[in-house]
Structures are given as C-alpha cells and as structure tokens.
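Q: Shown below is the structure under consideration.
What follows draws every value from the coordinates through simple rules; no lab data is involved. Not measured: the values here are computed from a predicted model. Here the Cβ positions follow ideal geometry from the backbone for every residue, glycine too, while neighbour counts run over all protein chains shown.
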Amino acid sequence: MDSAAKGLTLHSHTGVAYRFDPGALCLELLTTGGPGPYRRYEVLHAPVDVATWVERSRLEPTPVLEVSEAEVAALRGLRDALFRVVDAHTRGEPHPPRDLEILNAAAARPALAPAIAPDGSRQWAGTPTGTQLAATVARDAVELLTGPFAHRIRTCAAEDCHLIYVDTSRPGRRRWCSMEHCGNRHKVRALRARHTEEG
C-alpha cells in the first residue's frame, strides 16, 4: 500500500464536500462506482476519467497514462470484482471465486514501475498504460487482503453510507468513512435525540 495519502474529496447527496481517506489505493478505486445499485455513481466512462481519478489518488507522482477504451472497461471490471471481494471480506464470507480470478489475473500483469529521474526525483518508467494501472491497483488489493490490516477493512457504520476503508488508526476503533461527514451526522442525531428525551 502506498502511504503517500492525498485523501479524496467527495460530495454528499446534498452537495457538501468532505475528505475521505480509505487508507489504500485499491479502496480509492471503489469510490468511482461499482456493481449493481452502485452503477448509478459510475464516473469511469472514458480515458480522461481514469486520468482524473489517478490525479486524485495516492499514487505519487501522478502517472501520465496512455489508456484505451478497452482498458477503461477492464478497470471498471476489476473495480466491480474488487468491490464484491472486499464486501464479502468485511462480512466474513468466502471471496467470490470468479472475482478472485479477475483480481489475481490483473495482479499478475506488469505493474507501474518506479524510476529515478535525471534530477533525482521519482517518476514512472516508460509510458504507463491502463493495464499497468490496473495491475498496480490489483497488487495493492492483494497486499491489503492478505496483510496485517486485513481484519481492519470496514464499511462505514452509517446506515446510508457504503464507503469502505481500512482502519489504520492505532486503537483500531474508526467507525466512520469521515468524521466531518458521517461521524458529524451521527453526533448531530445523537444530540437531537438527547434534547428530545430531555424535552
């Protein structure tokens, strides 16, 4: 997992912006849409959409990718498979075999390769492709799901929020996707409930 977290800026259904750090590159991809009911949140329609997501991701530096339409579709397929695998994982259920095949196949391909630029800064070797990006995301997922934080992958505790994150906090008690969004909504509801009881 790349630790150079930028955090994502998401928007609630009311349009309020808030910060969300899912703690892993692979979980950042899950904010772009998903299978079934999450299809309505789809943002990866074209190569430019992949570039926009990569710019917001924790990949440092931001790779300048050459992405084909077929690679956009493959990235969506990987994301949907990853969504089902992670969802099953958080429920303590077996990983769906077909989705694991998709994930493992993507992870087996060449990933983005880091290199040192002439000025000593970090860069990506060659001209990175959408397939290499998918491999990088898939390998990150393998590391997360088989690593020391595998038991810390959670879904936000808010009933109407389905964002998935890895709790990297020391005490391991994170309940919300974002304290400034779902955490704050919970505090406001609890406060209102207390006032109603007292009134």
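Q: Ranked highest first by average number of other Cβ atoms within 10 Å, how do 108-115, 85-92 line up?
A: Those peptides, ordered most packed to least, come out 85-92, 108-115.
Q: Under the rule a/c < 1.5 gives rounded, and otherwise a/b versus b/c splits prolate from oblate, where does the range 7-142 land using the Cα gyration tensor?
A: oblate
Q: Using a simple spin-label model with points 7 Å from Cα along the Cα→Cβ vector, what separation in nm is obtained for residue 161 and residue 17?
A: 1.8
Q: Further question: Starting from the Cα-Cα distance between residue 91 and residue 42, subtract it from 0.36 nm times their residue separation and give me the gain in nm to one decimal.
A: Residue separation times 0.36 nm, minus the Cα-Cα distance, leaves 15.3 nm.
Q: For residue 55 and residue 113 in the same chain, what is the full-extension length gain: residue separation times 0.36 nm, less their Cα-Cα distance, in nm?
A: Net length gain for the segment: 19.2 nm.
Q: A follow-up question, please. Under the 0.36 nm per residue contour assumption, what length would be gained going from the current alpha-carbon distance of residue 152 and residue 122 to full extension?
A: Length gained, residue 152 through residue 122: 7.8 nm.
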